[in-house]
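Written below as structure tokens is the structure these notes are about.
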Amino acid sequence: MNRPRSFVAPSAFTLPVAFVAFVALAAPIAACGDGTPAARGPDPIATVDAKLRGTWRLVDYRPEVPLEPNLKALIDLQMQSMVVRFEGDHLIAESPTFHWDRPYVLSDVADPMFKLTTTGGEPYTSSGQFDVDGRRIFFRGESEPWRGSGTLQRQ
């Protein structure tokens with residue numbers, strides 16, 4: 001004897017669960033494509049690091065808070081005379097009165113923006129952004145005692 005089957009409407013819970021299950025199974029299959037690996041763009045850290053390489057001159061610095069007169073005089077001496085070089089994984093800053101050589105690492109990279117932290121000794125962190133033509137870097141010092149903003153210009 002064939003008994004008629006009764007129709008049971010899906011509950012409001014069943015349809016969303018079925019849809020989520022379908023998407024969860026279909027997405028990885030669709031991502032497989034034709035089996036060839038997806039092309040990746042250039043490594044953003046390597047791209048910014050390559051743009052940093054070379055020699056820059058400090059052309060502007062504005063401290064976050066006013067400096068005491070002796071420190072302000074020292075900073076004023078550095079304007080236009082401080083040269084900053086990015087070589088390998090080192091940041092080297094030199095002027096007639098100052099020499100600083102520290103390894104650095106890049107993070108939070110989204111070209112043209114990046115964060116740079118020196119290592120070895122007291123860490124110093126600044127965020128930077130290249131201008132449109134890559135000839136200047138606008139930076140913001142985030143570590144004491146050099147909180148402030150400034151500009152480096154490519155030499």
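The values are calculated or read from the model by the stated rules, or taken from the named source; none is laboratory data. As the structure is a prediction and not an experimental result, all values here were calculated from the model. Backbone-built Cβ (ideal geometry, glycine too); neighbour counts: all protein chains shown.
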Subject >> Residue count, segment 111-143 (criterion: part of a loop (DSSP other than H, G, I, E, B) and closer than 19 Å to Trp100 by Cα) >> reply: 7
**OP:** Identify, from the list Trp146, Trp100, the residue that is more than 30 Å from Pro42 (Cα to Cα), in contact with a strand residue (DSSP E or B) (Cβ under 9 Å, 6 or more places away or on another chain) and outside any strand (DSSP E or B).
**Re:** Trp146
**OP:** Could you grab me the full set of residues in segment 65-91 that are touching a Ser or Thr at 6+ places or on another chain (Cβ under 8 Å), of a type outside the set (S, T, N, Q) and at pLDDT 90 or above?
**Re:** Met82, Val83, Val84, Arg85, Leu91
Original post:
When the residues of segment 52-97 are filtered to those that are of a type in the set (S, T, N, Q) and outside any loop (DSSP other than H, G, I, E, B), which remaining residue is surrounded by the most Cβ atoms within 10 Å (Cβ to Cβ)?
Top reply: Ser95
